[in-house]
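Participant: I have a structure I would like to understand better, so I am pasting it below and will then ask my questions one at a time.
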Amino acid sequence: MTFRPLLIISFILLTRTISVAEEVPALLRVSSNEQPDTLGYNIVQQLSSVTYDLILNDKVKLWDSPSKDIQITASSLQEIERSSSTSFKNQEVIFIYEKWTLTKKDVQTKTIGITFSNKDSRGQEVAYGYVDFSELSPYLNKTEMAMNANGKYGETVGYYLESKKFAFNLVQFNYKVVQSVSESQSVIHSFKGRRKFSSPASAMGDEEAKLIVYRVDTKPTDDTLYTSNSARLIGMVEDYLTKNKEEFYNLGGDKLQNFVSEKQKLYVTAIEVTEMWKKSDGQIHYEPRAVQFFVNDSALNKLTISELTLMDIEQEGQKFVLMLLDKKFNYLITQINSQIIPLRDSYTYQKALQTYKWSQITEYVKYY
């Protein structure tokens, strides 16, 4: 890819004038189509979606350019979309203005702003405008990054932007134009050497982590122990709620439209569990976060794991919470991170989580 037919300047000469701790302006081109699927997220799509909603709700200002001469209102932006038959949320490329500082141990980056644009059906550029990052940053640092099954759960959009965990190319650096992908790679390598980009502390630490939602599966299988334990889990909850009607009503049982009489038999028709799965040294560790019981096909209020533990559901010496941790029962995964899993693929995703690289879960399922 060639960026623009301007004079090629050797970056090696440029970097000789850059000293440690000097801020160097950098303009990043970030393409939606160039983001690797193994990341589990697409930062262009996320930034475009979050920023658009903030503009429409008057949380951040959209300007005509980085000079911020004219503000573009939400209604004006929508008119630009309508007249060009384009969508702000479906951009292919965004441009990120930054300043990079070389230190002895890493490269520190500071985002200044983002330019948003698109192309219409004729290939003509449609300029939406520029957003100052100082306005955008507080929201990005609170917005969780949407992840497919490949990604690490629990980080914000701001975290991934600051740590440079996405694919990009430079189009300008130190006030000079960078003309191609190969030159961009050379520029980056020459500037940072073996240094890494600085990164904020991870909310999840160094472990791989995924949010998993599953339902206990009571369909008979060849494994009689797992089938029996699945039925036991359902029976334990059914027995507990039948004997503790006040708990049942506190969980919203009194509001169930299809449970109208105390004499009516109570059936637990599903148990849905939300867990955090963490992987370190090849071992998976399970952390239950919430459980929801379904009675006569209607959902009761969701329970946190601390609330569930206090209920102390058990049968014949077996505790409900400990059985969840043991995983010796049948279950169907319905969601991994932000990705909804079709029931027909549940087993394959489960097998991928147990046997394959966690950054390539979707690839395993695709070729299984």
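Participant: What number goes with the only condition from (1) of a type in the set (A, V, I, L, M, F, W, C); (2) out of contact with any strand residue (DSSP E or B) (no Cβ under 9 Å at 6 or more places or on another chain); (3) under 30 Å from Tyr356 (Cβ atoms) that Leu310 does not pass?
Facilitator: With (1) of a type in the set (A, V, I, L, M, F, W, C); (2) out of contact with any strand residue (DSSP E or B) (no Cβ under 9 Å at 6 or more places or on another chain); (3) under 30 Å from Tyr356 (Cβ atoms) applied to Leu310, the lone miss is (3).
Participant: Being farther than 30 Å from Asp206 by Cα, in contact (Cβ under 8 Å) with a residue 24 or more places away in the chain, β-branched (Val, Ile, Thr) and crowded, with 16+ Cβ neighbours inside 10 Å narrows it down to one of Ile271, Ile333, so name that one.
Facilitator: On inspection, the qualifying residue turns out to be Ile271.
Participant: Of the residues Asp64, Asp106, only one is acidic (Asp, Glu), surrounded by 14 or more Cβ atoms within 10 Å (Cβ to Cβ) and within 29 Å of the chain's Cα centre (by Cα); which? Can you show your working first?
Facilitator: Details: Asp64 fails: within 29 Å of the chain's Cα centre (by Cα).
Only one candidate qualifies: Asp106.
Participant: Give the stretch 285-305 a look and list any residue that's of a type in the set (S, T, N, Q) and either touching a helix residue (DSSP H, G or I) at 6+ places or on another chain (Cβ under 6 Å) or at pLDDT below 95 (or both), or say none.
Facilitator: Hits for the stretch 285-305 are Asn296, Ser298.
Participant: Checking the conditions here, which among Val50, Val44, Val60 is closer than 30 Å to Lys105 by Cβ, assigned by TED's automatic domain parsing to the domain that holds Lys152 and either assigned to a loop (DSSP other than H, G, I, E, B) or modelled with pLDDT of 95 or more (or both)?
Facilitator: Every option except Val44 fails the conditions.
Participant: Let me ask another. Scan the stretch 299-324 residue by residue and report those that are within 30 Å of the chain's Cα centre (by Cα), closer than 24 Å to Ser228 by Cα and assigned to a strand (DSSP E or B).
Facilitator: Ala299
Participant: For the stretch 285-321, name all the residues that are under 16 Å from Gly235 (Cβ atoms) and of a type in the set (A, V, I, L, M).
Facilitator: Of everything in the stretch 285-321, those that are under 16 Å from Gly235 (Cβ atoms) and of a type in the set (A, V, I, L, M) turn out to be Val291, Val295, Met311, Ile313, Val321.
Participant: Same structure, new question: Glu287 fails exactly one of the following numbered conditions: (1) touching a residue at least 40 places away in the same chain (Cβ under 8 Å); (2) under 17 Å from Asp326 (Cβ atoms); (3) acidic (Asp, Glu). What is the number of that condition?
Facilitator: (1)
Participant: Any chance you could count how many residues in the stretch 263-278 are farther than 12 Å from Asp297 by Cα and at pLDDT below 95?
Facilitator: 3
Participant: Are there any pairs with C-beta distances below 6 angstrom linking a residue in the stretch 239-255 that is more than 12 Å from Leu266 (Cα to Cα) to a residue that is surrounded by 14 or more Cβ atoms within 10 Å (Cβ to Cβ), with the two at least 6 apart or on different chains, and if so which?
Facilitator: What qualifies is Leu251/Leu300; Gly252/Leu300.
Participant: Report, by residue number, each residue of the stretch 77-103 that is among the hydroxyl-bearing types (Ser, Thr, Tyr) and either in a strand (DSSP E or B) or surrounded by 14 or more Cβ atoms within 10 Å (Cβ to Cβ) (or both).
Facilitator: Hits for the stretch 77-103 are Ser84, Thr86, Tyr97, Thr101.
The values are calculated or read from the model by the stated rules, or taken from the named source; none is laboratory data. Bear in mind that the values here come from a model prediction, so they are computed numbers and not experimental data. Quick reminder, even Gly has a Cβ in these numbers, built from the backbone with ideal geometry, and neighbours come from all protein chains shown.
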